[in-house]
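The values are calculated or read from the model by the stated rules, or taken from the named source; none is laboratory data. Since we're looking at a predicted model, the values are computed, not measured. Backbone-built Cβ (ideal geometry, glycine too); neighbour counts: all protein chains shown. These accessible areas exclude ligands, DNA and RNA; they are computed on the full protein's heavy atoms, side chains included. Shrake-Rupley method; radii C 1.70, N 1.55, O 1.52, S 1.80 Å.
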Amino acid sequence: MSVHDAAVFPVSLVELLARARQQPGANIDEKLYGALLAHEDTAAWLQAMVPLAFKKGAAVGAVPAARSQWESKARDVVIRAVFATAKNIKEGDVMVPGRGKVFVRRDDMLQPSVHYGLTQGDVDYTALAALQSLHGVGYTLDAEEMQAQAHAVEAQRDWAHAEHELQGVDADLKALGIFADNAEEAAVQLLAAGNPDPELLARLEALGRGHGGNPVRDYGTFRAQAWYEPDPQPGRSVQPRALHHRVEEALAGALFVTGDWESLRVPRTLKAEAFDRLVELFTAALKRKQVPVVAADTDDLVGRAAVMAARRLGLKTVAVQLAGWEFKPARLQMRWCERMPSGTDVPVARAELQVRLAELVGEVCSLGEVDEILAHNLTRQGKPRAALDASWTRHNGLY
């Protein structure tokens, strides 16, 4: 059966109910589902519905209307069976806090038909039933296990109050795939991974000796550990990324669009509508500019709207990010850092990015607040900077 013929359910609901009477099962849902799989015509129909299952209205429209209570029950089971057949179970790595990545197989997960209430699955509950039948079983207390659980609870409390010794390096450790409960364990894992970050290893060794934690401050009537302390090495977590020559050539003389969405103060309920109107605003502005390349800061919604407007006009686009995920709609990507800096290093890296952009691009168009470092460097180099009026939100009825 082809996908195009899948919209025609091969049998009537009355015939399906008649087939279900001959099927084994604990309830009518299991009997109907068994009847669907046991007969060749309905089983082939379920497979043909796989590409259409999650298209709106496809599964509901493919099953004939019910004319009685029993037919309504059968129709509901058929629709659920379509989704259970089309639902895909993927196996792969799952991140488990405290353990790292764990590979999960298909056998470890319940079948989709169980999720949709069509069958109990083939899980063996014999051992569980045997345990439930036992009464009066004696037990002993494992003192070491109880102490380990108490330590685990105490460690969680330390994390919650930002007093754990690894609090300051937790982001760096997770970026390298290291999950540990203390500095010594983290240092061992870092060495086992080939010591990719020597500075991080030095900090862990200092934490292990008791010299790297947050300082304890005396407030007279009590002493408390400080939550934050200034980073002694500004820019330590900034890892620059090499600029591709194609991106550098595209940015030379390009129009760079930047701005601050929050400064427009658009109400949250109107965010989607405002974004669409912002794309139209940039489309009109870029038509007047007539530039071959448009670059935009896609860490902000203003830049993303500019990229979408440039795509409408068929212009070459460059998405500029500090770090993190690429913005797929843009033709080229410029990521300034390998990974997101931490703490006070974020404004340091962003300032470096703004200085470099001011050297590369030809002109800048901004909406809302603009970065002072970028504006200052553009003024020094005599490059033009146009500012779109932020009052467009009022004129478009978004307030």
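General remarks:
- Restricting attention to the stretch 266-317, the residues being over 24 Å from Leu374 (Cβ atoms) and of a type in the set (Ser, Thr, Tyr) number 1.
- Selection from the stretch 71-102 of residues that are acidic (Asp, Glu) and exposed (fewer than 13 other Cβ atoms within 10 Å of the Cβ): Glu91, Asp93
- Flag if Glu15 is at pLDDT below 90, more than 17 Å from His115 (Cα to Cα) and not in a loop (DSSP other than H, G, I, E, B): yes
- Of residues in the stretch 54-65 being in contact (Cβ under 8 Å) with a residue 12 or more places away in the chain and open to solvent by less than 70 Å² (accessible area, probe 1.4 Å), the one farthest from Leu16 (Cα to Cα): Ala58
- Odd one out for Ala305, checked against (1) touching a Cys at 6+ places or on another chain (Cβ under 6 Å); (2) of a type outside the set (Lys, Arg); (3) modelled with pLDDT of 85 or more: (1)
- Among the criteria (1) polar (S, T, N, Q); (2) buried (at least 17 other Cβ atoms within 10 Å of the Cβ); (3) out of contact with any helix residue (DSSP H, G or I) (no Cβ under 6 Å at 6 or more places or on another chain), the one Gln354 does not fulfil is (3).
- Taken over the stretch 298-327, the residue count meeting the criterion of being open to solvent by 40 Å² or more (accessible area, probe 1.4 Å), touching a residue at least 40 places away in the same chain (Cβ under 8 Å) and closer than 27 Å to Asp345 by Cα is 1.
- Qualifying residue in the stretch 275-284 (condition: among the aliphatic types (A, V, I, L, M), modelled with pLDDT under 85 and either assigned to a helix (DSSP H, G or I) or exposed (fewer than 13 other Cβ atoms within 10 Å of the Cβ) (or both)): no
- Residue satisfying all of: in the stretch 66-103; in contact (Cβ under 8 Å) with a residue 60 or more places away in the chain and in a helix (DSSP H, G or I); farthest from the chain's Cα centre (by Cα) among these: Ala74
- Residues that are open to solvent by 60 Å² or more (accessible area, probe 1.4 Å) and closer than 18 Å to Ala387 by Cβ, drawn from the stretch 288-297: Arg288, Lys289
- Note on the stretch 175-272: no enclosed strands (runs of 3 or more DSSP E) hold 3 or more residues that are in the same structural domain as Val370 (by the TED database) and either open to solvent by less than 70 Å² (accessible area, probe 1.4 Å) or at pLDDT 80 or above (or both).
- If you go through the stretch 294-319 and keep only what is assigned to a loop (DSSP other than H, G, I, E, B) and not hydrophobic (A, V, I, L, M, F, W, C), you end up with Thr298, Asp299, Asp300, Gly314.
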